[in-house]
Structure formats: C-alpha cells, structure tokens
Amino acid sequence: MRIWQKIYFVTLLLFLVMLNVGLFFAAKSLFSYNLAQEQKKAETDCFFICQNLEHDFSILERNGRYRENVVALLFGSYQAYYKKQDIILSLEKTDKAEASVLRSEVIKGGKQAEIFAERNLGDPYQLYRVSYHKRLVDFEAVWDALKRTFVTVSLVTSILLCLILYVLMRRMLKPLGRLNESVAQIARGEYGQTAPYNNQSVWDKDEISELSLNINKMSRTIQRQIADLEKESEKKQQLMDNMAHELKTPLTSIYGYAEYVKYAKASEEEKLEGLTYIMEESRRLAKMSEIMLSMRLYEKESPAPEKVSLNAVATHLEKTLAGKLREKSLAIRREFETETAFAEETLLINLFRNLLENAIRASRAGDDIVFRTFRREETQIFEIIDFGIGMEETELERITEAFYRVDKARSRKDGGVGLGLSIANLIVKKLGGTMAFASSPGKGTKATVILQHPNNNVKSL
C-alpha cells in the first residue's frame, strides 16, 4: 500500500469517526436541552397554576363561596384551558398537610415521553396538591427524524470529504512519487539523476522539497567520491605500472650481468665491471625500497611541531649535498627574512633535501640555487629557485606523481628514482601546508611551500 493511501484511509477514518461522534453528541445534547426546557416550562406552569389557585381560593373564601363544588368548578376551567395544550391537570386533597415544594420528573418510554410536576398549595390551602402531566407526543418520531437528518448529513459530508481528501492527498504527495522514482534510479547507479525539487513559493517549501534537495546533495557527493575513487584507483594502477617498469630494468640488468659473470668466459676486468654494475643497480633498488618505506611512515606518523633554526637546517643540507653541489660547481644562496620555523625538524630536512636535490639535477654547472623564506601574516613561505632547464606547463601537473621524471635518462644517471617530489608533497600535506611549482623551459623552476604559522607555544631548541 502506498503511503498516500495509508495517510488517506487513516485520515478519512479518523475524520469520519470524529464527525459522526460529534454529530451524534450534538443531536443528543440538542434533544436533551429541549427536553430540559420542556421540564422547566412544566415546573413554571405548575407554579403559576398554584399561585393563581391560591388567589382564587382566597377570593372565594372572602365571598363566602369557598365550598367543594365551587372549587371543583373553578379547577375545571383550568383543566379545560390546559387540555387544549395536551396538558392534564388534577387537584387532590390530602389528609396531611405538606410543604409547598415543587417536584418534577421526566419519564421516557415507548415512543413518547411524559413530564410530571406537582406542588402543594400554600398556607392555608396546603391540603390541596396540584398535579401537572404533559405528554410529549411523537417524541420518538422526532428523535428518529433527527437521527435520519444526522445520517444524511454524515453521508453527504463523508462523500465530499472522500473526494476532497483524495484530490488533496494526490496533489500534495505527487512529488513524493516522483522523488521515489528518482531515488530508485540513483539506487540503480544512475548518480547523475537529480530528484525533482520545487522551492518557488512558501507552499512548496516542505519536508519533501528539503528531502529532494538533500538527496541531490548526496548524489553529487557520491559522484564526487566515485570520481575521486576512480582517480585514486588510476593513480594506484599507474603507480604499480611505474613501479613494475622501474623494477624491471635494474632486475633485468642484474640478472643479465650475473648470468654473464657466471657462464661467460670473461676476463677479470670484465667480471669486475659486471659486479660493479650489479652492486650499483642493487644499491639503487635498496634506495628505492627505503624511500617507499619512508613514504609509508610519513603517512602514518603525526608531526610534533617545534621551533627550528633554518640556518642549522640549511647548513646540514649543504653538508649532506656537498658532493652533488661540488660535482656541478653549484652553491646554495640563503635569503632568510626569518631564521626560525615551526615544524618537525626531521620533516623539514627531508622536505628541503628532496626539493634541493631536484633543483641540483635541473641546474647547469656554475649556477646558484636560491633558498628563500619569509612570512606573510599567518603563513610562512619557503622558496627554492633554480635557473636550470625548466619544465613545460603540462609537466608541472605531474611532477609530484610517484616515479614520474621529466628527463628519465638524466635522472637514472644521477641516481634518482622519481620519488623525491612525491615525498616532498607528502611531507607538506603532513605539515598542513601547500606546495606549488612555477617553471619555464630554459629559465628554471621555483618551488613554493606555504606553511601555517601557529600561535600556540612550542618547545624551542
């Protein structure tokens, strides 16, 4: 059963029950009220009849005509008058005087109701009791007519309500049906499908429109996440392909030279050359393994910021890279506006070492490499600038990918494995910063790292 049908039948049932119960009690209350009014009228008539009789008896007594036959004739005139109104009066003489208390009673039975009222006359005529009896003719007929009216009104109202409620339910819950169809399409994997959303007027702003809006947001979020997952999957596949390619060349060479040394009739000098190459390629594989392991550790570890001396970091890097700098007659020129940074020292050293190694490989012999840092508001900016071969714009988009190298032949010759900038990018993300590159072919490359400058206290060196 559809939700609109459930709401329709439940609402209709509740309304009809409440309507019929209300009409029944309204009719019952109206009838009881009319009956109570008739009872009050009977009490009033009985009271005034007693008052008039007391007055008439006093006149008869003053005129010396107060006798039983005269009293009977007098009361007969009252009976004749009230008989025309379907009221029966009776006058009884009791043996014992009673107080003039007015009593009334309503008796319902059969197809009619009767009202009784009685009262003793006042002193000195309290031995007389007046009885008032009125029959409410066709009482049940009136009640039956009232019930027929009640049924007719209830039936007509119920039919009108069924039609009006049906139209309103179908109209108000129609967007829910369209929304259900859209959600079913999304559930089948059609994430580009959008749920119908109408928010043009105050009348349209309801829970269904809000649900449509949230479903559309969810669908777009799922689309983005799927796109990110597909992109990430492509990156992982590309990483595996690149890794397989990078491992294939040295492993093939190692196996070839090992087989040559083992089976070929080579001189000692040739064997030594083969073993040397095997050692170099093995060392390169070990370095690649070490770097990939460090990347994995960077992903897991949380940095512990501290106050770091940038001059100490630069001096350490110059000593570490002294051989490579000396080989190409390069120098690192420091331009530090601030001498400290707030980060984990080990991560900073690894970050700048990878960036400087990349700059050294790209620089021409005799050039300088600029290592610059300065602060701008809440950020600290680091720049490493070389004036070497530079890169194309399309290459800048991929240089942080694992195993990607602009000049593969030169990188292999220099001992690079294509992971330096990937590690640098990972470290920058771990430090909560951003990294960007700007380059032009033949003019060099500028690597920019932006880190947030924390306001909290950190431990000093």
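Contact map, the range 430-448: first residue of a type in the set (Phe, Trp, Tyr), second residue surrounded by 15 or more Cβ atoms within 10 Å (Cβ to Cβ), Cβ cut-off under 6 Å, separation 6 or more or different chains; pairs are Phe437/Leu396; Phe437/Ala447. Just one residue in the set Ala141, Ala145 is at pLDDT below 75 and among the small types (Gly, Ala, Ser); that residue is Ala141.
If we scan the range 362-380, do we find a residue that is β-branched (Val, Ile, Thr), modelled with pLDDT of 85 or more, out of contact with any Ser or Thr (no Cβ under 7 Å at 6 or more places or on another chain) and farther than 25 Å from Gly442 by Cβ? Please lay out each step first, then the result.
Applying the first criterion (β-branched (Val, Ile, Thr)) to the range 362-380 yields 369-370, 373, 379.
Right, trim to modelled with pLDDT of 85 or more and you get 369-370, 373, 379.
With the extra rule that they be out of contact with any Ser or Thr (no Cβ under 7 Å at 6 or more places or on another chain), the set shrinks to 370, 379.
In the following step, the residues that additionally are farther than 25 Å from Gly442 by Cβ were identified as 379.
Checked the range 362-380: at least one residue is β-branched (Val, Ile, Thr), modelled with pLDDT of 85 or more, out of contact with any Ser or Thr (no Cβ under 7 Å at 6 or more places or on another chain) and farther than 25 Å from Gly442 by Cβ.
Exactly one residue out of Leu347, Leu356 is in a helix (DSSP H, G or I) and at pLDDT 90 or above: that is Leu356. Ile208 fulfils the conditions (1) farther than 30 Å from Gln185 by Cα; (2) modelled with pLDDT under 75 except for a single criterion, (1). The single residue among Lys108, Lys84, Lys134, Lys147 that is among the charged types (D, E, K, R) and either in contact with a Pro (Cβ under 8 Å, 6 or more places away or on another chain) or without any contact (Cβ under 8 Å) to a residue 24 or more places away in the chain (or both) turns out to be Lys84. Do we find a residue being over 19 Å from His453 (Cβ atoms), free of Cβ contacts under 8 Å to residues at least 12 places away in the same chain and open to solvent by 30 Å² or more (accessible area, probe 1.4 Å) anywhere in the range 339-362? Yes: the range 339-362 contains one or more residues that are over 19 Å from His453 (Cβ atoms), free of Cβ contacts under 8 Å to residues at least 12 places away in the same chain and open to solvent by 30 Å² or more (accessible area, probe 1.4 Å).
Of the residues screened, Glu54 is not one that is of a type outside the set (A, V, I, L, M) and open to solvent by 50 Å² or more (accessible area, probe 1.4 Å). Among residues of the range 67-115 being open to solvent by 60 Å² or more (accessible area, probe 1.4 Å) and in a strand (DSSP E or B), the one that is modelled with the lowest pLDDT is Lys108. The one condition from (1) exposed (fewer than 12 other Cβ atoms within 10 Å of the Cβ); (2) at pLDDT below 75; (3) assigned to a helix (DSSP H, G or I) that Lys235 does not meet is (1).
Filtering the range 308-338 to residues that are surrounded by fewer than 16 Cβ atoms within 10 Å (Cβ to Cβ), part of a helix (DSSP H, G or I) and aliphatic (A, V, I, L, M) leaves Ala312, Ala322.
Being over 14 Å from Phe47 (Cβ atoms) and of a type in the set (A, V, I, L, M) is the filter here; which residues of the range 100-111 pass it? Correct list: Val106, Ile107.
The values are calculated or read from the model by the stated rules, or taken from the named source; none is laboratory data. Keep in mind the model is a prediction, meaning the values are calculated, not measured. Heads up, the Cβs are rebuilt from the backbone with ideal geometry, glycines too, and the neighbour counts pull from every protein chain shown. We work out accessible area using only protein heavy atoms, side chains counted, and drop any ligands, DNA or RNA first. Shrake-Rupley method; radii C 1.70, N 1.55, O 1.52, S 1.80 Å.
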